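Working notes, structure below.
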Amino acid sequence: MSNYIISISREFGSGGRLIGKRLAAQLGIPCYDRTIIQKTSEKSGLSPDFIARAEERARSRFHLSIAPVGVGVPAMAHQGVPVSHQAFFAQAEVIRELAGEGPCVIVGRCADCVLAGKADTLNVFIHSEMSFKIERSIAEHGLEREKAASILARRDKARAHHYRFYTDQRWGDARNYDLCLDSGALGVENCVAVIAGLYERFNRQTAAAMG
């Protein structure tokens, strides 16, 4: 079996995290999402709460006024670098280490760009219409219907800023991903099936190529 890594980027409320967990369970491989925060804390010495809120700081007016820092910079190699950047660098190192351990699913955390250049990576973007995301967010997160649309839009805008700042790429641009799926039109289970099918096909092709 090849060392395929599946990265899943997703719009807030689209079910991307759920798709990642169900996909990993079906394939029998680990799924890394919020556990990356704890691993990053252990590596960097920064608190899990600080790391979890680093995205908020990364899109501050000051940070957005300077050039992107780049995902390839080692976490502890920079003196005078803002601590929020150090948190991202440490997180990137954790992601590369996890990817080196074997096949897995990584949800969010700019993993597609962190692992850029790694041949055995399937980068997926999950999106859907606002109406679908609103209904899911009301049911799963308890959002008030009147406020749901603005909250979802704000969350996605934050993700787009964070992604652009650290990668200099446009979040959600189909050209940055191998596969884009509409979870509202296809359904969560069909999204899982499509990604799993590609993953298994790639593994068969790799096995055949190896003889």
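Key figures
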| item | result |
| --- | --- |
| Complete set of residues in region 137-156 that are within 19 Å of the chain's Cα centre (by Cα) and within 30 Å of Leu198 (Cα to Cα) | Ser137, Leu152, Arg155, Asp156 |
| Pick from region 19-48, criterion surrounded by fewer than 19 Cβ atoms within 10 Å (Cβ to Cβ) and within 17 Å of the chain's Cα centre (by Cα), ranking: farthest from Ser150 (Cα to Cα) | Ile29 |
| Unmet requirement for Ser9, which otherwise passes all of (1) polar (S, T, N, Q); (2) modelled with pLDDT of 95 or more; (3) open to solvent by 70 Å² or more (accessible area, probe 1.4 Å) | (3) |
| Residue count for region 11-32, restricted to those that are assigned to a helix (DSSP H, G or I), under 21 Å from Gly100 (Cα atoms) and of a type in the set (Val, Ile, Thr) | 0 |
| Options Ala208, Ala160, Ala111, Ala116; residue that is without any contact (Cβ under 8 Å) to a residue 24 or more places away in the chain and within 21 Å of Ala87 (Cβ to Cβ) | Ala160 |
| Residues of region 82-107 satisfying the condition of being among the acidic types (Asp, Glu) and either assigned to a strand (DSSP E or B) or closer than 17 Å to Thr167 by Cα (or both) | Glu93 |
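The values are calculated or read from the model by the stated rules, or taken from the named source; none is laboratory data. Please read all numbers here as calculations on a predicted model, not as lab measurements. Neighbour counts run over all protein chains shown; Cβ positions are idealised from the backbone, glycine included. Side chains are part of the model used for accessible areas, which takes the heavy atoms of the whole protein and leaves out ligands, DNA and RNA. Shrake-Rupley method; radii C 1.70, N 1.55, O 1.52, S 1.80 Å.
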